[in-house]
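The values are calculated or read from the model by the stated rules, or taken from the named source; none is laboratory data. Everything numeric here is computed off the predicted structure, so don't read it as measured data. Every residue, glycine among them, receives a Cβ derived from its backbone with ideal geometry; neighbour counts consider all protein chains shown. Accessible surface areas use protein heavy atoms only, side chains included; no ligands, DNA or RNA. Shrake-Rupley method; radii C 1.70, N 1.55, O 1.52, S 1.80 Å.
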Amino acid sequence: MANMSATTPTIHPPINFETSPERYRHWSLTFDGDVATLAMNVLEDGGLVPGYPLKLNSYDLGVDVELADCLERLRFEHPEVRAVVVTSLKDRIFCAGANIFMLGSSTHAFKVNFCKFTNETRLGFEDASAHSGIKFLCALNGTASGGGYELALACDKILLVDDGNSAVSLPEVPLLGVLPGTGGLTRVVDKRKVRKDHADFFCTVAEGVRGKRAVQWGLVDEVISRSRWNETVAARARALADSTPKKNGKGITLDALNPTVDGNRTVYKHVTLSIDPTRRVAEILVGGPQGPQPKTVAEIEAAGASYWPLRAFRELDDAILRLRLNHLEVGCVTFKTQGDAKVMREVDATLLAHKDHWLVNEIIHKMKRVLKRIDVTSRSLISLVEPGSCFVGSLYELVLASDRAYALADPDEKTAVGLTPMNAGPLPMGNGLTRLQTRFLGNPAAVEKALAEQGEIPSVDAEKLGLVFAAPDDIDYPDEVRLCLEERASLSPDALTGMEASLRWAGPETLETKIFGRLSAWQNWIFIRPNATGEKGALTLYGKAARPEFDLRRC
């Protein structure tokens, strides 16, 4: 891991989550037929902000933004790829994990959101493996520590060079007094099914495990001598590629979103993010599809990245990420939509009709991932259903993702919500259920009743069906919404974050819900404890001559 030399708080400028291959500084993505190589070569002086060297392929948020972009482009621009080798271009080092100086000098809020984004990126690897026919082989040509090993754990297979020195390790507990923050503990025991006692030893010994023991314990799949390294990696990648079906079709180009930022407004083609710093409220307005939409696969391919579901949800994704890191003062987000419900239904029907086509499949899974990112965003989420809204089908998922939804009871019945088959399975939560199933966890019949509704459901009927929280009339609506937002602003943000996260994931527990519901929460709690980040905490003093002093009381 990289050394820390100071603990002066790092100030981050507004962060842009858009990048492209010609701008990569830390990764290279190359192709050999249906096998791609994603190679890490972190620029030491290429940190997101000046002040910490990214030694030994340690990473910060900027490195992970590029990695996430690589993954998106693999899925949309290169349908020919069936296997990806993830490796390092540095000699005898794969990745030293998250840069410790960056962690030690960043604000608590930045640490939290950094860990969250990194978790989402790692889960993206597993999602691509499960749903895109892309298998990942992590070729550890040197030591993988902390977040470096956690990246390996997100892959389908892990190979480790057997040179007597290279090891895998999760040294956060013994070295830093914190937890592996990007799913390491969960993947070790849940995904790789390492025995608890072996995992306990592994996570408390700083130097990690190497060689045959790493294979015996299930920490890696195979160790290979340097003399056989290149040929074996190539053979294993070939076998992975052959294990997944070929996809027919030509990739599309993910063009830049290039929103216009004007003070507190960020305007995209279909999405507008507006910040009210005085009220600590952000409004996200999503414009629905307008006019004739593609109906056939050929028309969808021709539309490419401009096709409404892909473009709008990419914009929504970018807006959520900007909100997380650049607008920490915002405590509440209101979702609004505008558009034609009929056209929205047509778009959903087209997606489902062609869901087996590789590109449409990728678009649906992109929509799913964006909605999952909203699920784990630590803001109060309120949907406002008003005249002209098109909270229908895929966009109705925003209502289901919200903590509350208010729908204006319109005497002319122009204010409505609507369901489509897209609400019945294609866009699941991290718990494996739909948001509708999660909403009515104790009443499955309510799910079937709601899905059986044809056409738009007026606000009052939607309230009776449990599809919105409340449907006040035009006299009460403004006051109820205002009181809700003012109440939210007056409550403890910490308590709200804990409350909302606890309430959003009812139902079964999965690897994904464990990572966000347990590891993220524990990591964030530990980050503010004196044993980690106090004056004499392990993270604060890492790399210095002084030893940490712990409060030895368990709590």
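Looking at (1) touching a residue at least 60 places away in the same chain (Cβ under 8 Å); (2) part of a strand (DSSP E or B); (3) β-branched (Val, Ile, Thr), which is the one condition that is false for residue 253?
Checking residue 253 against (1) touching a residue at least 60 places away in the same chain (Cβ under 8 Å); (2) part of a strand (DSSP E or B); (3) β-branched (Val, Ile, Thr), the one that fails is (2).
Quick one: would you say residue 181 is under 27 Å from the mean Cα position of the chain (by Cα) and under 26 Å from residue 542 (Cα atoms)?
yes
Need at least 1 residues that are farther than 21 Å from residue 175 by Cβ and at pLDDT 95 or above per element, so show me which strands (runs of 3 or more DSSP E) inside the stretch 1-105 make the cut, counting only ones lying wholly within it.
27-32, 35-40, 83-88
Any residue that is without any contact (Cβ under 8 Å) to a residue 60 or more places away in the chain, farther than 30 Å from residue 548 by Cβ, polar (S, T, N, Q) and open to solvent by 20 Å² or more (accessible area, probe 1.4 Å) - is there at least one of those in the stretch 206-219?
yes
Condition test on residue 466, is it modelled with pLDDT of 95 or more, assigned to a loop (DSSP other than H, G, I, E, B) and surrounded by fewer than 17 Cβ atoms within 10 Å (Cβ to Cβ)?
Spelling it out, residue 466 is indeed modelled with pLDDT of 95 or more, assigned to a loop (DSSP other than H, G, I, E, B) and surrounded by fewer than 17 Cβ atoms within 10 Å (Cβ to Cβ).
What residue, among those in the stretch 275-308 that are buried (at least 22 other Cβ atoms within 10 Å of the Cβ) and touching a residue at least 60 places away in the same chain (Cβ under 8 Å), is farthest from residue 387 (Cα to Cα)?
300
Can you confirm whether residue 173 is open to solvent by 10 Å² or more (accessible area, probe 1.4 Å) and touching a Cys at 6+ places or on another chain (Cβ under 7 Å)?
yes
For residue 125, state whether it is open to solvent by less than 10 Å² (accessible area, probe 1.4 Å) and not in a helix (DSSP H, G or I).
When the stated conditions are applied, residue 125 does not pass them.
One residue is enough: does the stretch 153-174 have a residue meeting the conditions over 19 Å from residue 100 (Cα atoms), assigned to a helix (DSSP H, G or I) and not β-branched (Val, Ile, Thr)?
yes
Only one of (1) open to solvent by 40 Å² or more (accessible area, probe 1.4 Å); (2) under 19 Å from residue 331 (Cα atoms) is not met by residue 496, so which one is it?
(1)
Test residue 482 against the criterion of being of a type in the set (Lys, Arg) and in contact with a helix residue (DSSP H, G or I) (Cβ under 6 Å, 6 or more places away or on another chain), and give yes or no.
So residue 482 fails the test.
For the stretch 448-460, enumerate the residues that are open to solvent by 10 Å² or more (accessible area, probe 1.4 Å) and touching a residue at least 12 places away in the same chain (Cβ under 8 Å).
449, 451, 453, 455, 456, 458, 460
Specify the residue that is least open to solvent (accessible area, probe 1.4 Å); the eligible residues are those in the stretch 128-167 that are charged (D, E, K, R) and within 21 Å of residue 212 (Cα to Cα).
Of everything passing the filter in the stretch 128-167, 150 is least open to solvent (accessible area, probe 1.4 Å).
Taking the stretch 326-379 on its own, how many of its residues are without any contact (Cβ under 8 Å) to a residue 12 or more places away in the chain and among the aliphatic types (A, V, I, L, M)?
1
Here is a list of conditions, (1) touching a residue at least 12 places away in the same chain (Cβ under 8 Å); (2) over 19 Å from the mean Cα position of the chain (by Cα); (3) surrounded by fewer than 24 Cβ atoms within 10 Å (Cβ to Cβ), and residue 68 meets all of them except one; can you say which number that is?
Every condition holds for residue 68 apart from (2).
If you check 269, 191, which single one turns out to be of a type in the set (Lys, Arg), open to solvent by 50 Å² or more (accessible area, probe 1.4 Å), within 30 Å of residue 14 (Cα to Cα) and touching a helix residue (DSSP H, G or I) at 6+ places or on another chain (Cβ under 7 Å)?
After applying the criteria, what remains is 269.
What are the residues in the stretch 96-114 that are open to solvent by 10 Å² or more (accessible area, probe 1.4 Å) and touching a strand residue (DSSP E or B) at 6+ places or on another chain (Cβ under 8 Å), if any?
98
Of these, 266, 350, 334, 296, which one is closer than 22 Å to residue 490 by Cα and at pLDDT 95 or above?
Result of the check over 266, 350, 334, 296: 334.
Taking only pairs six or more apart or across chains, which ones have beta-carbon atoms under 7 Å, a first residue in the stretch 503-521 that is aromatic (Phe, Trp, Tyr), and a second residue that is at pLDDT 95 or above and open to solvent by 40 Å² or more (accessible area, probe 1.4 Å)?
From the stretch 503-521, no pairs qualify.
Report every pair of residues separated by at least 6 positions or lying on different chains whose Cβ atoms are under 8 Å apart, first residue within the stretch 166-192 and of a type in the set (Asp, Glu), second crowded, with 23+ Cβ neighbours inside 10 Å and modelled with pLDDT of 95 or more.
Short answer, once both residue conditions are applied: 172/146.
Assess whether residue 337 counts as being under 30 Å from residue 499 (Cα atoms), of a type in the set (Ser, Thr, Tyr) and buried (at least 17 other Cβ atoms within 10 Å of the Cβ).
Yes, satisfied.
For residue 237, are the conditions met, namely being free of Cβ contacts under 8 Å to residues at least 60 places away in the same chain and either more than 30 Å from residue 300 (Cα to Cα) or touching a Ser or Thr at 6+ places or on another chain (Cβ under 6 Å) (or both)?
no
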